[in-house]
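The values are calculated or read from the model by the stated rules, or taken from the named source; none is laboratory data. It should be emphasised that the depicted structure is a prediction, and the values quoted were computed from it without experimental measurement. No Cβ is skipped: glycine too gets one built from the backbone with ideal geometry, and neighbour counts run over all protein chains shown. Keep in mind that these areas ignore ligands, DNA and RNA; they rest on the heavy atoms of the full protein, side chains included. Shrake-Rupley method; radii C 1.70, N 1.55, O 1.52, S 1.80 Å.
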Amino acid sequence: MTSRRRLAVLLLFFVIGAAVAVLFGDVLAGRVPADLGPRDGTLAPCPDRPNCVSSLAHDAAHRVAPIPYSGDGQAALARLASMIADMPGATVVTRRDGYLHATFRSRIMGFVDDLEVLAVANRGVFELRSAARLGYRDFGVNRDRVTALAAAFAAAPP
């Protein structure tokens, strides 16, 4: 196959992929999970799939470290919310009383992940849960996102 023909085939696949994303974007976004939000001072556990991470998980496959903060929890949460809002594909959906819910939409196919942050004032940490709405695997996207957020928060001055 010539390079010109190969380029035409790649372009065709890209156009078809873009059309599918536009036509089925809401389908690929999935439904808002019913278990979002703090309940009894904690976040919902990860399902038994490798597309979720949580600082409250007991198993290594799902476990990430909570994000420590110092000082006023509401000010720290506002700073974290600002960092989240600046991340690619992010939308802060809810921020109230030490809790934050944000969504992340993938650029190409429009898949949606939910990130939850819960401030635990007596421990000075943000507990986290980040999960894909659809699919079985997330190829480490949620873990990478939470790890990058924790590093950026730690590096930024309060």
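Out of (1) out of contact with any strand residue (DSSP E or B) (no Cβ under 8 Å at 6 or more places or on another chain); (2) at pLDDT 95 or above; (3) under 18 Å from residue 73 (Cβ atoms), the odd one out for residue 156 is which?
So residue 156 meets the others, but not (2).
Restricting to the stretch 70-97, name every residue that is open to solvent by 30 Å² or more (accessible area, probe 1.4 Å) and in contact with a Lys or Arg (Cβ under 9 Å, 6 or more places away or on another chain).
78, 87, 88, 89, 91
Are any residues in the stretch 101-122 open to solvent by less than 20 Å² (accessible area, probe 1.4 Å) and closer than 17 Å to residue 65 by Cα, and if so, which ones?
115, 116, 117, 118
Scan the stretch 125-139 for residues that are open to solvent by less than 20 Å² (accessible area, probe 1.4 Å) and in contact with a helix residue (DSSP H, G or I) (Cβ under 8 Å, 6 or more places away or on another chain) and jot them down.
126, 128, 130, 131, 132
Take the conditions in contact with a helix residue (DSSP H, G or I) (Cβ under 8 Å, 6 or more places away or on another chain), part of a loop (DSSP other than H, G, I, E, B) and of a type in the set (Gly, Ala, Ser) and apply them to residue 65. Does it pass?
yes
Check residue 47 against each of (1) in a loop (DSSP other than H, G, I, E, B); (2) open to solvent by 50 Å² or more (accessible area, probe 1.4 Å); (3) in contact (Cβ under 8 Å) with a residue 24 or more places away in the chain; (4) of a type outside the set (A, V, I, L, M, F, W, C) and name the one condition it does not meet.
Result: residue 47 fails condition (2) only.
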